[in-house]
Structure formats: structure tokens, C-alpha cells
1. At a temperature of 4 °C and a viscosity of 1.567 mPa s, determine how fast the range 63-116 diffuses translationally according to Stokes-Einstein, using the Kirkwood radius over alpha-carbon pairs as Rh; express D in µm²/s, rounded to the nearest whole number.
2. On the first, second and third principal axes, largest extent first, how far apart are the outermost C-alpha atoms of the range 1-55 in Å?
3. Output the direction-averaged projected area (hull surface divided by four) of the convex hull of the alpha-carbon atoms of the chain, in nm².
4. Per-residue ellipticity at 222 nm for the chain, helices alone: DSSP H runs ≥ 4 residues times -39500 (n - 2.57), over residue total, nearest 500 deg cm²/dmol?
5. Over the chain, calculate the relative contact order: mean separation of alpha carbon pairs under 8 Å at least 6 apart, over the residue count, as a percent.
6. Quick check: the angle from helix 61-70's long axis to the longest principal axis of the chain, C-alpha only, nearest 10 degrees?
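Any read-out appearing in this document is the output of simple, stated calculations on the displayed coordinates, not a laboratory observation. In this text, all values refer to a predicted model and were calculated from it rather than measured experimentally.
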Amino acid sequence: MDAASLRQYCLSLTGTFEDFPFGPDASVFKVRASGAGRPAKMFALSTLSGDPLTISLKCEPDLALQLRAGHPEITGAWHMNKTHWNQLDLSGSLEEELVRNLVEDSYDLVVASLPRRDRESLAWKGLAQG
């Protein structure tokens, strides 16, 4: 997956936008909260111009460990809580379908943590909505 495809896929998820709170080189993909004064929540972080291209994604802790054990390209995310965030090296050996699934999983984890009204405004169908 190249940088343009990665960016396009992140932005294709409902209610997402790209922000640059860490400077112009670090793309942060967030989900909008619908309530006034509530901050948007980050689900992905990537330096799209980086070599190699990497992305940090939120992940369930047990799955994060399994992914790291099975894929040398997946590690604990740099400068993030490594219990909940993985970093993927997209230099070529990870399948695009896996990357897309992990981006969507990260998005779902973040949306699941939003208040019900926000989840409903996104018409979210992920996870077992509680």
C-alpha cells in the first residue's frame, strides 16, 4: 500500500478528517465528535512521506501481541502506549487487505468509545454496538 492509498482509505471512513497537531509531516487521522466542545479522537498516525512508510494504529492488547509475534513488520508504536498501539511498516511485505483491516479495527475501537449519540450520527455498524 502506498501513501496516497493509505491516506485515501483512512479518509474514506465515515466522519474522519486529517489533522497535523505534530507538524506538517505527521498526518493524524481522527473521528469527529458531534457534540460541541468534545474533541475528535485519533485512530491513525502516519508520516506519509516517510521512508519506509509506517502507520500507527490502535489495537486490542491481546491482538496487538499476536500481530507482533506473527509479523516482524508490526511493532509497538513509537512514542505511543505500546499496549494499545501498533506500528506497521508498509515497505512491502504486509498484505494490503491486512493493513485495511487493521485501519478499520483501529477506527472501530475509537468509534466504540464515543458516546452513543456520536456513534449514531456516524451510522456506525462496527463491533457489537452495546
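1. Answer from the Stokes-Einstein relation: 109 µm²/s.
2. Largest first, the range 1-55 extends 38, 22, 13 Å along its Cα principal axes.
3. One quarter of the hull surface, i.e. the mean projection, equals 7.9 nm².
4. Helices in the chain give a 222 nm mean residue ellipticity of -10000 deg cm²/dmol.
5. 22 percent
6. 20 degrees
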